[in-house]
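Participant: Please see the structure below; I have some questions.
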Amino acid sequence: MLISESEILSASILIVDDQESNIKLLEQMLIEADYTFVTSTMDPREVCALHRKHHYDLILLDLQMPGMDGFQVMEGLKTNEADSFLPVLVITAQPGHKLRALQAGARDFISKPFDLLEVRTRIRNLLEVRLLYRKLENYSRELEQTVQERTAELRESEARYRSLTELASDWYWEQDENMNFTKVSGPVLEMLGIRVDNLNGDAGDAVDTQLAGWNKEERDFLQATIAARQPFLDFVFTRVNADGTQQKFQVSGEPMFNQSCRFLGYRGIGFELSGKH
């Protein structure tokens with residue numbers, strides 16, 4: 001995650017100083033460095049309202065001002081809950097105020113009288129950190145929103161599928177990637193002609209399927225379709241009972257894949273056509 005030159009130079013900067021000469025000096029330096037959004041105020045009481053409105057990327061804040069000093073301004077800025085990163089670079093002529101300013105939440109400081117090369121370097125470094133922090137916050141919010149939306153979609157999809165199987169099928173099954181049955185209801189095991197051991201976790205519950213009466217060509221075709229990991233819709237099976245009567249079953253199924261396109265298995269629904277309209 002990188003910050004481009006254009007992003008740095010288009011960052012919004014507010015200069016707060018009660019000395020007009022200091023403001024003009026800093027404004028001229030920033031303009032010559034190609035910064036495009038530089039504003040200023042000589043009234044420290046305006047800073048909090050201005051920041052709530054414009055969300056500055058950096059505030060150059062003088063500490064010694066009449067009426068409201070820089071420390072009070074920083075305390076006011078901390079009440080802005082939408083901004084957890086206090087983007088303040090303090091300006092001071094008092095060496096003893098530097099540590100106190102950093103403890104109060106300032107990110108860096110510049111000393112008076114100004115060393116313009118140092119001022120430009122500190123402003124640029126702090127802007128880069130500020131913009132990286134903002135990008136990270138935006139990315140985290142977008143990621144959280146995406147996760148929430150995806151979770152809601154999955155829950156809705158599961159609810160629709162569960163409703164479909166409850167309302168539209170007489171039996172339902174799921175198979176894992178090795179084609180072992182993990183969920184099953186109804187005569188699907190017998191129809192597919194597959195032996196399933198320990199489906200319910202009981203060693204004595206092995207299922208021996210009966211193949212008599214099922215159409216071998218139909219069963220082989222369905223097994224080949226599943227082996228090829230292809231979906232099938234409304235496939236019809238037939239079975240001839242011992243008394244000569246015939247039953248028909250209709251089945252639909254689909255392969256399951258995860259987000260990395262890895263095959264997870266199959267799931268399907270079906271019902272007996274006999275007596276259905």
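The values are calculated or read from the model by the stated rules, or taken from the named source; none is laboratory data. Every value quoted in this text rests on a predicted model; they were computed, and no experiment measured them. Here the Cβ is made from the backbone with ideal geometry for all residues, glycine too, and neighbour counts use every protein chain on show.
Participant: Which of the following residues is surrounded by 12 or more Cβ atoms within 10 Å (Cβ to Cβ) and of a type in the set (Gly, Ala, Ser): Gly270, Gly244?
Facilitator: Gly270
Participant: Let me ask another. Just give me the residues in segment 28-39 being surrounded by fewer than 17 Cβ atoms within 10 Å (Cβ to Cβ) and not in a loop (DSSP other than H, G, I, E, B), in sequence order.
Facilitator: Residues satisfying the conditions are Gln28, Ile31, Glu32, Phe37, Thr39.
Participant: In segment 229-255, what count of residues is obtained for those that are farther than 15 Å from Asn215 by Cβ, in a strand (DSSP E or B) and not charged (D, E, K, R)?
Facilitator: Final tally of qualifying residues: 5.
Participant: Could you please tell me which pairs satisfy a Cβ distance under 6 Å, a separation of 6+ or placement on different chains, a first residue in segment 114-130 that is in contact (Cβ under 8 Å) with a residue 60 or more places away in the chain, and a second residue that is crowded, with 16+ Cβ neighbours inside 10 Å and among the small types (Gly, Ala, Ser)?
Facilitator: Leu127/Ala11
Participant: Tell me, please, whether a residue that is in the same structural domain as Val88 (by TED's automatic domain parsing), in a helix (DSSP H, G or I) and either over 30 Å from Tyr139 (Cα atoms) or free of Cβ contacts under 8 Å to residues at least 24 places away in the same chain (or both) can be found in segment 54-66.
Facilitator: No, segment 54-66 has no match at all.
Participant: Quick check, is Leu50 modelled with pLDDT of 90 or more and among the aliphatic types (A, V, I, L, M)? Give the steps one after another, and end with the answer.
Facilitator: On the way: modelled with pLDDT of 90 or more: yes; among the aliphatic types (A, V, I, L, M): yes.
In short, yes.
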